[in-house]
């Protein structure tokens with residue numbers, strides 16, 4: 001007597017579930033990495049904007065760095081100034097940082 005089985009065996013179902021579980025885990029890890037990268041990029045973009053704004057204020061309005069420092073919460077701003085070989089030109093390194101990342105700007109301006 002020949003029996004034709006219709007359906008799946010228990011072993012086939014377990015193998016299919018294992019493959020599905022592994023692929024879902026890979027997708028979860030990819031999504032988690034993507035969210036971390038988005039958070040890092042958003043934070044970095046915010047720092048770039050703040051630093052650019054500070055550089056523009058210093059160049060256009062000749063503001064003191066201490067007056068600018070108080071405008072931003074949870075951000076550390078440091079300024080290093082160096083004299084260059086060109087007379088009356090000063091090299092500046094402005095670093096804007098928070099807990100997660102930092103951005104450094106290098107720009108030149110005339111000394112008073």
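Summary of values
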| quantity | calculated |
| --- | --- |
| Number of the exception - residue 41 against (1) modelled with pLDDT under 85; (2) within 15 Å of the chain's Cα centre (by Cα) | (1) |
| Filter pass, residue 80 being more than 23 Å from residue 42 (Cβ to Cβ) and touching a strand residue (DSSP E or B) at 6+ places or on another chain (Cβ under 7 Å) | yes |
| Residue 68 being surrounded by 11 or more Cβ atoms within 10 Å (Cβ to Cβ) and modelled with pLDDT of 80 or more | no |
| Qualifying residues in the range 49-62 (those that are farther than 14 Å from residue 107 by Cβ and surrounded by fewer than 15 Cβ atoms within 10 Å (Cβ to Cβ)) - the one modelled with the highest pLDDT | 49 |
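The values are calculated or read from the model by the stated rules, or taken from the named source; none is laboratory data. On a predicted model such as this, the values are computed, not experimentally measured, just so you know. Note that each Cβ is placed from the backbone with ideal geometry, even for glycine, and that neighbours are counted across all protein chains shown.
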